[in-house]
Amino acid sequence: MRKLICALVLVFAQLPLLAQAENEAKKIERSRCHCFIDYENIWTFEMVENQDGQRVPILNIITFTAGQWEMKPAQVHVLNAKSREAKIDKFSIDTGIAEEPYNTGSLKVLGNGFIGLDLLGKFDDYGEPPESP
């Protein structure tokens, strides 16, 4: 009986490791990232592929100074390789519940912080950001 219990404990202890190995095999492909850096903030933009195979534009903002800034989607300009601008309608913030993101038309960015969000809108022919010269 003691051997059976030890064997079961060992099997159950290895389940998280097996699940982790399976998740690593299904990693989402990431594109190159464009980055803007100055003394007050860093902005990164990238297109990632979600688990459904759809391309999702991701914007990350890191601020290094105190303050707060009101942002609207029209203030974010994303160009494709043909210099056509994407139409960004809303920001989408992950709430931790997969089917219930928080979608908003304005955002308050706080200083000395970090925020990452998805951009919702028309990104028809936006595979990856174009290369910088």
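Sequence-distant or interchain residues sharing an amide H contact under 5 Å with N41, placed H: which?
F64
Which cross-chain or sequence-distant (5 or more) residues have an amide H under 5 Å from the amide H of D89, H modelled 1.01 Å from N in plane?
So D89 has HN proximity to L120, G121, K122.
When the chain is fully extended, how far beyond the present Cα-Cα distance does E99 get from Q51, taking 0.36 nm per residue of separation? Walk me through the numbers before you get to the answer.
Working: separation 48, 0.36 × 48 = 17.28 nm, distance 1.32 nm.
Length difference between fully extended and current span is 16.0 nm.
Does region 38-108 come out rounded, prolate or oblate, given a ≥ b ≥ c as the square roots of the eigenvalues of its C-alpha gyration tensor, rounded meaning a/c under 1.5 and, failing that, prolate meaning a/b above b/c?
On the way: a/c = 1.65, a/b = 1.18, b/c = 1.40.
Taking the square roots of the gyration eigenvalues as a ≥ b ≥ c, region 38-108 is oblate.
Per-residue HN-Hα couplings for region 84-95, Karplus 6.51 cos²θ - 1.76 cosθ + 1.60 at θ = phi - 60°, whole Hz, x for Gly and Pro?
In residue order, the calculated couplings are 8, 8, 6, 9, 9, 8, 8, 9, 10, 10, 5, 9 Hz.
Place the peptides 67-76, 85-94 in order of packing, highest mean first, counting for every residue the other Cβ atoms within 10 Å and averaging per peptide. Mind dumping the intermediate values first?
Numbers: 67-76: 13.0, 85-94: 16.0.
With the highest mean Cβ count within 10 Å placed first, the list reads 85-94, 67-76.
Values in this text are rule-based calculations from the coordinates and carry no lab data. Values in this document were obtained by computation on a predicted structure and should not be read as measured data. Virtual Cβ from ideal backbone geometry, glycine too; neighbours counted across all protein chains shown.
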